[in-house]
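Scroll down for the structure; my scribbles are underneath it.
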Amino acid sequence: MTSPEMQRALRHTDKVVPEEELGAKLALGRPLRIKLGLDPTAPAVTLGWAVVLRKLRQFQELGHTAVLIVGDFTAQVGDPSDRDSQRRRLTAAEVSGYADNLLSQFERVLLPQPLEIRRNSEWLGSLDMYGLLELTSSATVAQMLARSDFAKRYDDGSPISVMEFLYPLLQAYDSVAVESDVELGGSDQLWNLMMGRIVQERYGQDPQVALTMPLLVGTDGTHKMSQSLGNYIGVEDDPGDMFGKTMSIPDELMGQWFRLAADFDEGEVRRIEAELEAGHLHPNAAKRLLARSIVNLYWSESDAAEAESSFDHIFKEGGAPEDIDEFHLPGDEELHLASLIRDVFGISGAEARRMIEQGAVRIDGVVIGTLEVERKALVGKVLRVGKRRFSLLVD
């Protein structure tokens, strides 16, 4: 029979390799070192990242030590996972800026203890040529080309740099440096995590268990959540944005989001799915429960209730938020609407024109389809573009 601790560890997981070793490690009677490495390549911690961060927190709640690796060195190399071409290298300054910005966001998910936060430049930055040669001897070219994305690029004749081969070895060396017992990652990271087992054995350590979590599909309903695609929700998004973006996801994502983004128990998710299928629960009501639950995870119940009320005011009643930014109109008597939208909301002129053509631009609730508008007709009015962009136009 699986122990309660093992059941908690396996909750919502994708793969655990090898699963029997996880049970053996949990039975050791000591706090395990649970490693999660995240490369600071973007400014926000998304709900997608939070999936593995929450799994790390679950291990903390079981009394194990969370070892969070901020990959400030590996981020400058670039993870080749699921890439069909070489990734643009980030500068040290870019990575440092992202890393500093992310640390406070991790605190919104993880417990303050037991926790170690380490930057892998501590050991990778001082690795000399002898150490690098020792590391590269841990794996063969054949093992590298067994990786599906490398194999495809090799078969297609696409270039693969030697530096890209180094990435999984460097990530694996992190496991040696922190003496990892279990490493967490998304399902696209399994190969990298398994390389950690190989390298640890090379350095005389017991190999870690690789535990992966499913990838959260983004708000577009198609691709995994990604800041580069814009289909994400950040853990520091304000409650109103978090609620509204969650309400925009396709209905078919709700089961996955209840499991991974809202962290519901499997039994509760299955009950919700059964009620939806039987028609006893309306999709809108289920999605509202999902949105409230996500906001409550990162803010509070009162923030969730206020976000829902604001959502209803804006989207059901057609009103504007009570607290919106003001924009001072330029002095011209006649204004070009697309240019005005570009300046107010910081979007491209092409996108502004597209929103006008789609009937998504309103002045005090009235759809505006013309490109030229008199200034006096705008003063004191609320400009709304799409579902969530509002601005009060003033002198």
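Here are the numbers for this structure:
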item	result
Check on residue 66, in a strand (DSSP E or B) and not hydroxyl-bearing (Ser, Thr, Tyr)	yes
Some residue of the stretch 125-139 being touching a residue at least 60 places away in the same chain (Cβ under 8 Å) and in a helix (DSSP H, G or I)	yes
Residue check, residue 322 of a type in the set (Asp, Glu), at pLDDT 90 or above and under 30 Å from residue 254 (Cβ atoms)	no
From the options 26, 56, 36, residue that is surrounded by 15 or more Cβ atoms within 10 Å (Cβ to Cβ), at pLDDT 95 or above and over 23 Å from residue 102 (Cβ atoms)	26
Counted residues, the stretch 229-252 - those being open to solvent by 40 Å² or more (accessible area, probe 1.4 Å) and either closer than 22 Å to residue 108 by Cα or β-branched (Val, Ile, Thr) (or both)	6
Residue 159 being touching a residue at least 24 places away in the same chain (Cβ under 8 Å), assigned to a loop (DSSP other than H, G, I, E, B) and open to solvent by 60 Å² or more (accessible area, probe 1.4 Å)	yes
Failed item in (1) of a type in the set (A, V, I, L, M, F, W, C); (2) modelled with pLDDT of 95 or more; (3) in a loop (DSSP other than H, G, I, E, B), with residue 117 passing the rest	(3)
Meets criteria (touching a residue at least 60 places away in the same chain (Cβ under 8 Å) and open to solvent by less than 50 Å² (accessible area, probe 1.4 Å)) for residue 375	no
Pick from the stretch 171-191, criterion under 22 Å from residue 75 (Cβ atoms) and of a type in the set (D, E, K, R), ranking: most open to solvent (accessible area, probe 1.4 Å)	188
Hey, residue 212 hydroxyl-bearing (Ser, Thr, Tyr) and free of Cβ contacts under 8 Å to residues at least 12 places away in the same chain or not	no
Failed criterion for residue 337 (all others in (1) open to solvent by 30 Å² or more (accessible area, probe 1.4 Å); (2) over 16 Å from residue 247 (Cα atoms) hold)	(1)
Of residues in the stretch 192-225 being over 12 Å from the mean Cα position of the chain (by Cα), of a type in the set (Val, Ile, Thr) and buried (at least 21 other Cβ atoms within 10 Å of the Cβ), the one nearest to residue 25 (Cα to Cα)	209
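Yes or no, residue by residue, for (1) within 18 Å of residue 104 (Cβ to Cβ); (2) of a type in the set (S, T, N, Q); (3) within 12 Å of the chain's Cα centre (by Cα):
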residue	(1), (2), (3)
29	no, no, no
32	no, no, no
37	no, no, no
41	yes, yes, yes
47	yes, no, yes
51	no, no, yes
57	yes, no, no
61	no, no, no
66	yes, no, no
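Results for (1) modelled with pLDDT under 95; (2) open to solvent by 40 Å² or more (accessible area, probe 1.4 Å); (3) of a type outside the set (Val, Ile, Thr), shown as yes or no for each residue.
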site: 288; (1), (2), (3): no, no, yes
site: 292; (1), (2), (3): no, yes, yes
site: 299; (1), (2), (3): no, yes, yes
site: 311; (1), (2), (3): yes, no, yes
site: 317; (1), (2), (3): yes, yes, yes
site: 329; (1), (2), (3): yes, no, yes
site: 342; (1), (2), (3): yes, yes, yes
site: 347; (1), (2), (3): yes, no, no
site: 352; (1), (2), (3): yes, no, yes
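The values are calculated or read from the model by the stated rules, or taken from the named source; none is laboratory data. Since the model is a prediction, treat every value here as computed from it, not as a measurement. For neighbour counting, all protein chains shown are included, and Cβ atoms are generated from backbone atoms with ideal geometry for every residue, glycine included. These accessible areas exclude ligands, DNA and RNA; they are computed on the full protein's heavy atoms, side chains included. Shrake-Rupley method; radii C 1.70, N 1.55, O 1.52, S 1.80 Å.
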